[in-house]
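What follows is a set of notes on a single structure, which appears directly below.
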Amino acid sequence: MAEHQHKKEGSILLTRPIHQNRALVELFEKEKAFVYELPTIDIRPLTPPQVPNTPFLTQSSRFIFISSNAVKYGWPIVQPHINPHATLYTIGQASAKELMALSHKPVNYPHNNSDSETLLNLPGWQKIKGERITICRGVGGREWLKQELEQRGAHVEYLECYIRALPEVNLAILDNAIISQAVILIMSKESLTNLWQVAGIEKIDVLKKMKFLVCHERIKDYAKSLGIETIYLTDNNNQAILDTWRTIAH
């Protein structure tokens, strides 16, 4: 497809790991959009994982999986130790579906917004004093959830099972996305940080004037702090991403 066709029909640059983009790519290809895939973050299992002691796992009444990667790498660790009465939670719908498929158990998640604050607004999180709660996540990240649960009286431990790394990046893909004025989809602060790291000063000046599509207010605020001028907020699901892209791509 020629470059002028890319621009005419619209294009998008995806920055997540390629294996996480399959369903989204299919949606955009049906839309006859041109999809660039430039992973700026690589997810790798943490070896060995940082795991709470076995009694804590078996006595945990709730398990929170922060992401799809937490489900992928964390559930096999949790499964042998989880007690049958424990409740499972995720932050988003996609990870909830993945966890239900793996665990064959009900999974609770916030329907209105995919973040920790909305999760703790669900019924049942107000009176948790004395409960043991395991949070499955990658190394690092926000501390708010653990701190808030502890303030409410819970005992909380992390199960850290993956790391985020900077992959090798093909800058020719970024150059082509810039030429076609692709909308840039950013799903995490780390992805945007890494994009800035690999782009270099000259490309950063160009990127600041392109359209960015982000899935959370925190990422939007971070993008603003980097000097990005045009930022659109969407919900963290594939259909919402496509619908928002339609309104801004042309």
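Computed from the coordinates by the stated procedures, all read-outs in this text should not be read as laboratory data. Remember, predicted model here, so these are calculated numbers, not experimental data. FYI the Cβ positions are ideal-geometry reconstructions off the backbone, even for glycines, and counts take in every protein chain you see.
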About the Cα centre of the chain, how large is the charge dipole given +1 on each Lys and Arg Cβ and -1 on each Asp and Glu Cβ? Please answer in debye to the nearest 20. 440 debye
Under 21 Å from Lys203, Cα to Cα: lysines that are on another chain or at least 8 residues apart: Lys7, Lys189, Lys211, Lys220, Lys224
Cα-projected label distance for Ala165 with Lys32, points at 7 Å along beta-carbon direction, nm: 4.2 nm
If the elastic network links every pair of Cα atoms under 10 Å, which of Lys105, Lys30, Lys208 fluctuates the most in the Gaussian network model of the chain? Lys30
